[in-house]
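K.L.:
I'd like to ask some things about the structure below.
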Amino acid sequence: MLKRHRANLLMLLAALFVRTAHAFFDPPYLTPASPVAGEIVSFNIRAGICDAFGGMQGFPQISRTGNAILYVDYGAHYEDGDELCIFPTWNYVTPIGSFEPGNYTFTLQMAYYDSFGVPSYLNMGTVTFTVAAAPSAATPLPINEPASLWALVISLLGAAALAFQFRRSSR
């Protein structure tokens, strides 16, 4: 009887201190946070334990319909507690391209085979983002134009005349 209580106590302590593996994908996010036209946009996602991206012929698949971008990559997905939950925690960063100014929707999915060998898709998140117009180049002042030079000469002559008049009146 005492041995059974010790065994139960040991199992309770093991349950309290042993952490189980959990599959996870954090929500994807884009960098830079505020892209401008022509700048490369990348998606970032943190995952691990029971989930991982892996290379397969034909992946990733990127499609765009209007301003909606669908990115599908191949990976592995196991259920919590599976003996194949051996992946380290990792950060996945990959460029998706540069875009014209506008509002966009980016959807990230992972294609995988479930435990029965059936092709499946895991929706990992959707992010909306806005691409701003690239800053325009500064317009040079037409200082070397003849009209600008005449305006400068007249301004200087006017300032000199006012200075002489002020000097005469202060005597």
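The values are calculated or read from the model by the stated rules, or taken from the named source; none is laboratory data. In this text, all values refer to a predicted model and were calculated from it rather than measured experimentally. Here the Cβ is made from the backbone with ideal geometry for all residues, glycine too, and neighbour counts use every protein chain on show. The accessibility values were calculated without ligands, DNA or RNA, using every heavy atom of the protein model including side chains. Shrake-Rupley method; radii C 1.70, N 1.55, O 1.52, S 1.80 Å.
K.L.:
Taking the solvent-accessible surface of protein heavy atoms with a 1.4 Å probe, what is the per residue accessible area of segment 19-128 in Å²?
P.N.:
Value returned for segment 19-128: 57 Å² of accessible area per residue.
K.L.:
Quick one: length gained pulling W90 to L157 fully straight, 0.36 nm per residue minus the C-alpha distance?
P.N.:
Once the chain is fully extended between W90 and L157, it gains 17.0 nm.
K.L.:
Enumerate the calculated ³J(HN,Hα) couplings along segment 83-89 in order (Karplus 6.51 cos²θ - 1.76 cosθ + 1.60, θ = phi - 60°), each rounded to whole Hz, writing x wherever the residue is Gly or Pro.
P.N.:
5, 8, 7, 10, 6, x, 6
K.L.:
Still on this structure, please answer the following. Let's test the formula: R0 of 35 Å, r as the Cβ-Cβ distance of T31 and D82. What FRET efficiency results, to the nearest 0.05?
P.N.:
0.65
K.L.:
Right, next: Go through L84, V41, I62 and say which Cα lies farthest out towards the positive end of the charge dipole of segment 31-106; charges sit on Cβ, +1 for Lys and Arg, -1 for Asp and Glu.
P.N.:
Ranked along the dipole, the leading option is V41.
K.L.:
Set the Förster radius R0 to 35 Å, insert the Cβ-Cβ distance between A132 and M56 as r into 1/(1 + (r/R0)^6), and round the FRET efficiency to 0.05.
P.N.:
0.50
K.L.:
What is the set of long-range amide H partners of S98 at a cut-off below 5 Å, with H atoms built 1.01 Å from backbone N?
P.N.:
Residues meeting the criterion, in which the H sits 1.01 Å from N, are V41.
K.L.:
Please report, as a whole percent, how much of the solvent-accessible surface of segment 37-154 comes from carbon and sulfur atoms (probe radius 1.4 Å).
P.N.:
Summing carbon and sulfur atoms, their accessible area is 60 percent of the total for segment 37-154.
K.L.:
In whole Hz, what ³J(HN,Hα) sequence does segment 47-60 give by Karplus (6.51, -1.76, 1.60; θ = phi - 60°), x for Gly and Pro?
P.N.:
For segment 47-60, the Karplus curve yields 7, x, 6, 10, 10, 7, 7, x, x, 8, 3, x, 10, x Hz.
K.L.:
Mind ordering 29-38, 99-108 by average Cβ neighbours within 10 Å, highest first?
P.N.:
99-108, 29-38
K.L.:
Got a sec? Charge dipole of segment 35-163, +1 on Cβ for Lys and Arg, -1 for Asp and Glu; which of S98, G117, V72 is way out at the positive end?
P.N.:
Of the listed residues, the answer is S98.
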